[in-house]
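Participant: One structure coming up, written as structure tokens, with questions to follow.
The values are calculated or read from the model by the stated rules, or taken from the named source; none is laboratory data. These numbers were taken from a predicted model, which means no experiment stands behind them. Reconstructed Cβ throughout: ideal geometry from the backbone, glycine too, with neighbour counts over all protein chains shown. All accessible areas refer to the heavy atoms of the entire protein, side chains included, with ligands and DNA or RNA removed. Shrake-Rupley method; radii C 1.70, N 1.55, O 1.52, S 1.80 Å.
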Amino acid sequence: MDSNHDADAVLAERFRSGDERALEEVYREHSRLVYSFCRRALDDHRAADATQDVFLAAWRSRERYRPDLGSLAGWLMGIARFKVVDIHRTEQRNPLAPVTAQDAERGVVAEDLDLMAQRMLIADALMDLPERSREMVRLAYFDDQTHTQIAERSGVPLGTVKSDIRRGLQRLRRHLEAFDDAPRS
Amino acid sequence: MTHHDPEHPSPESDRRLSELLGGLTDADFERVDPPADLLPRITAHAAAERDAASGADAAASGSSAPVVISMDERRRPRPFLFAAAAAVLLVVAAVGAILATRAPARTERQLARAELEQLEPLGSTRATARLVEENGTTHLRIDASDMAPAPAGSKYELWLIDRGVTDPRSLGTITGTEDVVVPSSIDPDEYAIVDISLEPDDGDHAHSGHSLMRGTLA
């Protein structure tokens with residue numbers, strides 16, 4: 001896991017320094033997350049355009065990305081949230097813009113989009129956690145179990161349960177910090 | 001953005017995270033592959049922007065500094081550089097137009113000309129010399145646009161030589177198309193032979209005797 005982290009840090013540094021192959025690697029790593037988010041809010045054509053805009057905006061602002069302040073995934077999703085929110089605002093202002101029935105049905109508003117982006121980011125981050133840590137976080141937050149209950153039912157010492165959850169949450173928070181730090185354009 | 005000690009997250013940060021975790025649905029885990037052409041679209045844009053930026057750098061570095069372009073770069077389209085060059089040309093044209101309207105009409109009169117014959121397969125394959133009088137001064141204009149660079153350790157030099165071929169007078173080094181003023185001490189009627197020589201960088205200012213091109217003004 002730590003070696004994974006180091007590899008992420010190296011990739012982020014190469015990206016920051018303007019290595020175009022790093023842009024490709026970052027795309028391969030995170031485009032499914034970004035596109036899936038855009039696709040939930042937009043039709044496939046506009047979702048592809050928005051995804052392209054997100055990666056190019058990130059690339060142009062690469063020197064503003066601070067690896068010490070959070071994950072690249074979080075930063076990309078922060079940018080994606082602004083893009084998608086802006087597209088929705090523009091189209092709502094323009095009465096001639098085609099609004100699909102699906103859009104209207106969804107009744108998507110900026111706040112929903114923002115939270116949707118954060119939840120999808122956290123979902124990705126959860127899947128990246130070591131299995132035991134992920135399971136503990138799941139029990140604590142989905143099943144609302146107390147740390148003591150988790151320890152009792154899993155047979156894992158209470159101290160280990162606590163540190164697993166704490167470390168897992170720490171990793172998730174890194175994604176949100178980058179999300180909050182993302183530039184609007 | 002405030003940066004919290006990760007070991008002691010703020011209560012707001014804790015609440016936000018637990019609300020997000022509690023709100024996760026299956027849809028938040030669903031993933032769709034982006035279209036296959038998206039990555040090439042993005043990398044093409046990034047490459048085009050890089051080229052445009054390097055073109056802008058070259059344009060910004062000033063017209064006096066020579067811009068060395070490698071063969072690799074030369075093959076790629078550099079739209080921004082072309083735009084910058086076009087802008088420079090526009091400025092030059094505008095300044096030229098202003099000067100043309102302000103300056104008195106230039107008087108230019110061709111006195112003589114010569115086709116230079118290539119004596120050795122070096123330098124230019126063909127060149128023309130024109131002797132021109134402009135506003136009271138005499139110019140020798142050499143058109144040798146296809147002149148190859150001089151071999152290392154040497155240079156090309158332009159001369160006017162008397163008809164008896166005994167007294168070459170140097171008009172300086174030449175790299176191709178050149179416009180030089182003929183000093184009034186040289187009478188082009190007598191010094192009618194235009195000569196381009198290969199001169200080794202040996203500090204000797206006399207003609208090397210190694211003439212590459214030659215023609216007589218008439």
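Condition check ((1) facing chain B (nearest Cβ under 10 Å); (2) touching a Pro at 6+ places or on another chain (Cβ under 9 Å); (3) not aromatic (Phe, Trp, Tyr)) across all residues:
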position	(1), (2), (3)
A:Glu24	yes, no, yes
A:Arg28	yes, no, yes
A:Ser31	yes, yes, yes
A:Phe37	yes, no, no
A:Asp49	yes, no, yes
A:Gly74	no, no, yes
A:Met77	no, no, yes
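Participant: Here's another thing I want to ask about it. Quick one: A:Ala7 ticks every box in (1) among the small types (Gly, Ala, Ser); (2) over 20 Å from A:Arg171 (Cα atoms); (3) away from chain B (no Cβ under 12 Å) except a single one, so which number is it?
Facilitator: All conditions pass for A:Ala7, except number (2).
Participant: Within the range B:138-175, work out how many residues are surrounded by 15 or more Cβ atoms within 10 Å (Cβ to Cβ) and out of contact with any strand residue (DSSP E or B) (no Cβ under 8 Å at 6 or more places or on another chain).
Facilitator: Result for the range B:138-175: 0.
Participant: Turning to a different aspect of this structure: In this structure, does A:Asp164 turn out to be open to solvent by less than 80 Å² (accessible area, probe 1.4 Å), charged (D, E, K, R), within 14 Å of another protein chain (Cβ to nearest Cβ) and in contact with a Lys or Arg (Cβ under 8 Å, 6 or more places away or on another chain)?
Facilitator: No; evaluated as a whole, the condition is false for this residue.
Participant: With respect to A:Ala178, is the statement that it is without any contact (Cβ under 8 Å) to a residue 40 or more places away in the chain, open to solvent by less than 20 Å² (accessible area, probe 1.4 Å) and within 10 Å of chain B (Cβ to nearest Cβ) true?
Facilitator: no
Participant: Right, something else. Determine whether A:Asp2 is at pLDDT below 90 and within 21 Å of A:Ala123 (Cα to Cα).
Facilitator: It is true that A:Asp2 is at pLDDT below 90 and within 21 Å of A:Ala123 (Cα to Cα).
Participant: Separate question: If you go through the range A:122-161, how many residues are more than 11 Å from chain B (Cβ to nearest Cβ), touching a residue at least 24 places away in the same chain (Cβ under 8 Å) and farther than 21 Å from A:Ala73 by Cβ?
Facilitator: Adding up the residues that qualify gives 4.
Participant: Going through the range B:192-218 one residue at a time, which ones are touching a Pro at 6+ places or on another chain (Cβ under 9 Å) and outside any strand (DSSP E or B)?
Facilitator: Scanning the range B:192-218 gives B:Ala206, B:His207, B:Ser208, B:His210, B:Leu217.
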